[in-house]
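The structure appears right after this line, and notes come after that.
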Amino acid sequence: MRFKALPSLLALSLVLSGCTARTSPVDALRLKPQPAAQVAQAPAPVPAVAVDEQTGAIAPAHPEALAWAGDTPSQAHFEAPSVTAGMTVPDQRPVAMLMPPVPPASSLPPTMAPDEEQPPSAGGRHRVYSQRFRDAKPMNFGKFKPKHHAVHGVDVSRWQGDIDWVKLRSQGANFAYIKATDGGDHTDPMFRTNWRKAKEAGLKRGAYHFFYWCRVASEQADWFIRNVPHDPDALPPVIDVEYNGESSCRFRLSPEKAREKMQVFMDRLERYYGKRPVIYTAPDFYKDNLDGYFLDYPFWLRSVAAHPSKTYPGRKWVFWQYSGSGLSQGVNGKIDLNVFRGSVADWQNWVSGSKSWNRVAGLR
């Protein structure tokens, strides 16, 4: 049997001798690395502002310029842009922006608003806690005091730093308005964090925009929409209109132009979010521009020295900011304090949408 196998062995030797020493069977099986696919990157968005060719400074839009109202973009227009500026758009927000469920009511102390029945935590009802805030500069508001209101809340921005929202909630913050944007290109750096943590702690929260008078109104509305999620459970958006001596925009529009720009902004937000925006203002701006106007809009009034009925005679309101020097556990430093006009039942109905704001405000 060995001799018969010899020819086969000789043939195999000849085949192996024909292989070069440079390529082994293992090397032949190795795959050559392929170059990584080139990913086309969309160009960065270009701001619609003029630039001074000599200094490189951005020139603000003409103060009298008003945006063409046009057709308000649909929600889908903002939900799938090719380039995302600022925070992620509503339906493409990162995992950190997905809202976890509200913690059980048992995790917070069950303090009740005075003379009010504690509403159930189930069935979509918002549990209300009595306030335990203090004030570094307390005021005597006379017969009608903030403490007579059942539902208290706060408004915050980056200046409150890292807030312990669960602790703040336990002190009676039943709602929070959180600064989101100003102008057409600035986002509060704490907005995303505050928006998420306020929801986790069980507060009703909404976002506000500081209106910039030297910027086109529709650009500001689009910037707010791009940065604030479309959440049906959120409070109505707020437009903050006031004079600000620290702003680089010192120009004061005529009352007619100011109201016209506000209307463009508010119409755009109402069509997108499906809720009529709230107007926040201060006494001087109100007196010069808003007294007797926007009667079909909810107002949030700043009045830290007297009751709103004295500071804004005849004006119905939904929120009253009564202090800019509030003190509370969960916040380092001072915080703005607010009340909702109405009872706990009014609040439950208002946030659920079963009662319109103007009925709560006593307009109808």
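The values are calculated or read from the model by the stated rules, or taken from the named source; none is laboratory data. Computed from a prediction, not measured in an experiment: that's the story for all the values here. Neighbour counts are summed over all protein chains in view; Cβ atoms, including those assigned to glycine, are modelled from backbone coordinates with ideal geometry. Ligands, DNA and RNA are excluded from the accessible area calculation, which covers all protein heavy atoms including side chains. Shrake-Rupley method; radii C 1.70, N 1.55, O 1.52, S 1.80 Å.
Just a few scattered comments:
- At R0 = 25 Å, FRET efficiency that the Cβ-Cβ distance of Arg132 and Asp162 yields, to 0.05: 0.75
- Positive minus negative residues near Val166 (Lys, Arg vs Asp, Glu; Cβ under 9 Å): +1
- Rolling a 1.4 Å probe across all protein chains gives Glu256 an accessible area of roughly 110 Å².
- Annotation: amide H of Tyr177 within the under-5 Å range of Val154, Asp155, Val156, Gly206, sequence separation 5 or more or interchain, hydrogens built in the peptide plane.
- Segment 134-361 - share of DSSP beta bridges that are antiparallel (%, nearest 5): 35 percent
- Stretching Asp185 away from Asp296 to a fully extended chain increases their span by 37.0 nm, per 0.36 nm per residue minus the current alpha-carbon distance.
- Most to least accessible of Met262, Met190, Met139 (protein chains only, probe 1.4 Å): Met139, Met190, Met262
- Sum of side-chain charges, Pro237 neighbourhood, beta-carbon under 15 Å (Lys, Arg +1; Asp, Glu -1): -1
- Amide proton proximity set for Lys145, modelled H, under 5 Å, gap of 5+: none
- Annotation: amide H-H contacts under 5 Å for Gly183 (H modelled 1.01 Å from N, sequence separation of 5 or more, or interchain): Phe210, Tyr212.
- Of the residues Arg259, Arg169, the one with the largest accessible area comes first in the ranking Arg259, Arg169, computed with a 1.4 Å probe on protein heavy atoms.
- Excluding ligands, DNA and RNA, the accessible surface per residue across segment 134-361 is 39 Å² with a 1.4 Å probe.
- The phi-based Karplus calculation (6.51 cos²θ - 1.76 cosθ + 1.60; θ = phi - 60°) puts the 3J(HN,Hα) values of segment 154-159 at 9, 10, 9, 8, 4, 6 Hz, whole numbers, x for Gly and Pro.
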